[in-house]
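The values are calculated or read from the model by the stated rules, or taken from the named source; none is laboratory data. What you are looking at is a predicted structure, and each value in this text was computed from that prediction instead of being measured. Here the Cβ is made from the backbone with ideal geometry for all residues, glycine too, and neighbour counts use every protein chain on show.
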Amino acid sequence: MPSYIDPHKLTPHSSNALFDPLPENVYQTLKNDIAELGFRDALQVTAGFTIIAGHYCRRLAMRFKACPGTIWYPT
């Protein structure tokens, strides 16, 4: 179950640099979808708040005090 995380504590994973940024029209569609429906999926982060999944949503999450996130702890 996701908890709520301060998006300002999140750090992009270093591998995120391998991905191109979203085209502006796709970003606007994502922004509108989140504004209307909220976050569909929680951001996946490590215990150190490094983002594993949800990098594109992080930019949008910065507008909020909290966003849904699932923290993955190493086993």
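If you filter the range 1-51 down to residues that are charged (D, E, K, R) and part of a helix (DSSP H, G or I), you find that the one that is surrounded by the most Cβ atoms within 10 Å (Cβ to Cβ) is Lys31. If the condition is being under 13 Å from Pro7 (Cα atoms) and either in contact with a Gly (Cβ under 9 Å, 6 or more places away or on another chain) or at pLDDT below 75 (or both), then the range 40-54 contributes Ala42, Leu43, Gln44, Val45, Phe49, Ile51, Gly54.
On the stretch given as the range 6-51, residues that are of a type in the set (S, T, N, Q) and either touching a Ser or Thr at 6+ places or on another chain (Cβ under 8 Å) or on the phi > 0 side of the Ramachandran plot (or both) total 3.
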